[in-house]
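In what follows, a single structure is set out as structure tokens and then discussed.
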Amino acid sequence: MPVNALRVTTAAEAAARDQAAIAAGTASFELMLRAGTAAAAVILRDFALRLSHGVALFAGSGNNGGDAYIVAAQLARAGVAVRLYAAAPPRTPDAMRAMQLAAPALVHGAPTGHERVVVDGLLGTGHRGALREPVLAACTRVALACDGGARVIALDVPSGLDATTGAIAEGSPAAHATLTFGTIKRGLLLSRGHAGRIVLLDIGLNGATDGDDDAWHLSNADDLAHWLPPIAWNAHKGRRGRVAVVGGHEGMAGAVILATRAALAAGAGLAHAIVDAPSVAAVQLTVPQAMAEPWPSPTAGQRADALAIGPGLGRGTRSSQLLERIVMDHRDRPLVLDADALWLVAEVATTRGTDAASLLHQWTRPSRAVVCTPHAGEFARLLGTSVPVEWNARVGALRDFAVRAGVTVLLKGTPTLVATPDGGPITVVPHGTPLLATGGSGDVLCGLIVALLGQGLAPLEATVCAATVHGCAAELATARLGGIRGGTLDDVFDALPSAWRQLEQAVTCPPGVLADLPSPA
């Protein structure tokens, strides 16, 4: 990932960065002032049409409440009527100072019910466990304001959401938008539906402690543009990458069709679909731009710049033999193992008395350009045990498998995680909506990855770029449709051109904003 990649942190990792910035000479109150000022700027810019009715702010007794006092002061300076409800008096020095700063502009008391914007500054990243009074009562007031039509904006995390695990305490009010400071908190990505839109604000941490812990790297569409290879004005099909997709057992041609369509939509110049003989006609009819050939068709693979195997491959003896032949014969080519190929790897490993990681290492050595794309169920089969529920343990299992197998592993999910064979930092891809939670979505992702590998991207680059554009296309399609129901993968395909532009053009965020992730629904 780029040196300046954004970070996704646990509560402890976020606190360590704050402390490192303070130790380097930035006063703690300065960090609070920056956070509150940046949050107020977002509210003034993005919620301007709702501000004429005033803003209600809820403040806790800690530093999250101090952030709320700063927001109140800055909104008041801009001419917005603010009303602040303090669940308890400030108890930290910085929060006390923030209250004094805001005091001349404040009207204290519960919301009137007319406000269209409510700011949740009750609890921050340090909170764990159940909500207690008087904060619980204040959270109930926030929820009631939301029911009345107000937009809820959380500071750093919604009160009652565990910043590390994403656990949501009973009574925690969901946010329409969460304005988080310095780093994206891991819990926000694990509970996207509760956090809503996530806006990462710059408070000047300047990479404090980066590289000293296990913080995840964030895949941000705006930062990936330099990875995508340009397509020259005079390019021809032979220079845009030739890929082969192997699968499509009789009755399962659809998976290869989706993967092949996606490879072409990612810019591949030539695509070969190598399928079971009864599936050839279906591919030729549905994707006339591709060349369809029956198994085993070794010549097509030899001409390909990258191969993918697994979509609709089947799980019988013929499929297993084809998988091993393809993998062993093309060690010099970038390769994606997906779907049934992963099931068969685990099956062969069990039959031979070894584990899946060791078998993959044996099959793919010395190549490091191998990408595996399991969902949680497939990953459990590769591990030979259930996938850990606790996220640190899950990440540990993912990283260990990638290192032992010598492959790049993309673990699909919410969020999607990518581990590399060198044991480097985990990369998280936060983009996507439930529109992707449908059969065939993984085949589309497989096709996107193999196309980018065929165009010369390294495994991590191809995997992260493909997963990002896949998720961004779903976000664009969901926004256009106004929801999930009624949408299909055809809508995702229709949104891919706009999603590619989103990556290629590297949209510049407003001042003070490092990343802006739309609500997943």
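Here are some notes:
- Acute angle (nearest 10 degrees) that the helix 11-23 long axis makes with the longest principal axis of the chain, alpha-carbon atoms: 60 degrees
- Degrees, to the nearest 10: 340-351 long Cα axis against longest axis of the chain: 70 degrees
- Förster radius 41 Å - calculated FRET efficiency between Val107 and Ala376 (Cβ-Cβ, nearest 0.05): 0.25
- Sorting the segments 32-42, 419-429 by their residues' average number of neighbouring beta-carbon atoms within 10 angstrom, most packed first, yields 32-42, 419-429.
- Residues Trp227, Trp233, Trp216, sorted so that the one with the fewest Cβ neighbours within 10 Å comes first: Trp233, Trp227, Trp216
- Rounded to the nearest 20 debye, dipole of the chain from Cβ charges on Lys, Arg, Asp, Glu: 380 debye
- Each residue of region 431-436 was assigned a 3J(HN,Hα) from its phi angle through the Karplus expression (A = 6.51, B = -1.76, C = 1.60, θ = phi - 60°), giving 7, x, 9, x, 4, 7 Hz with x at Gly and Pro.
- Size of charge dipole - region 408-521 - debye, nearest 20, with Cβ of Lys, Arg +1 and Asp, Glu -1, no other charges: 160 debye
- Using C-alpha pairs under 8 Å with a sequence gap of at least 6, the mean separation divided by the residue count of region 423-488 gives a relative contact order of 46 percent.
- Fewest-first ordering of Ser219, Ser52, Ser358 by other beta carbons within 10 Å of each residue's beta carbon gives Ser52, Ser358, Ser219.
- Applying the Karplus relation 6.51 cos²θ - 1.76 cosθ + 1.60 with θ = phi - 60° to region 414-428 yields 3J(HN,Hα) values of 10, x, 7, 10, 10, 10, 10, x, 8, x, x, x, 6, 9, 10 Hz, where x marks Gly and Pro.
- Amide H contacts under 5 Å for Tyr85, placed H, 5+ residues apart: Leu57, Phe58, Ala59, Gly109
- Length available on full extension from Ala88 to Glu170: 0.36 nm per residue minus the Cα-Cα distance, which gives 27.5 nm.
- Three-way shape call for region 232-505 based on the alpha-carbon gyration tensor, with the a/c threshold at 1.5: rounded
- Amide H contacts of Leu514 (H built 1.01 Å from N, in plane; Pro and chain starts excluded): Leu200, Leu201, Asp202 sit under 5 Å, all sequence-distant by 5 or more or on other chains.
- Relative to the dominant Cα principal axis of the chain, helix 28-46 is inclined by about 70°.
- Highest mean first, the peptides 168-176, 256-264 sorted by other C-beta atoms within 10 Å per residue fall in the order 256-264, 168-176.
- FRET efficiency for Ala24 and Glu390, using Cβ-Cβ distance with R0 set to 30 Å, rounded to 0.05: 0.40
- With neighbour counts taken as other beta-carbon atoms within 10 Å, the residues Trp500, Trp343 rank, fewest first, as Trp500, Trp343.
- Cα gyration tensor shape of region 58-113, rounded if a/c is under 1.5, else prolate or oblate by comparing a/b with b/c: oblate
- FRET efficiency for Glu133 and Ala15, using Cβ-Cβ distance with R0 set to 25 Å, rounded to 0.05: 0.45
- Net length gained if the chain between Thr438 and Glu250 were fully extended (0.36 nm per residue, minus Cα distance): 65.6 nm
- Among Val80, Gly36, Phe47 the positive-end extreme of the charge dipole of region 27-126 (Cβ point charges): Val80
- Rel. contact order, % - alpha carbon contacts under 8 angstrom, at least six apart, the chain: 14 percent
- For the chain: rounded, prolate or oblate by the Cα gyration tensor [a/c cutoff 1.5]: prolate
Read-outs: derived from the displayed coordinates by stated rules, not from any lab. For clarity, every value in this text was computed on a predicted model and none was experimentally measured. Please note: Cβ atoms are built from the backbone with ideal geometry, for glycine as well, and neighbour counts cover all protein chains shown.
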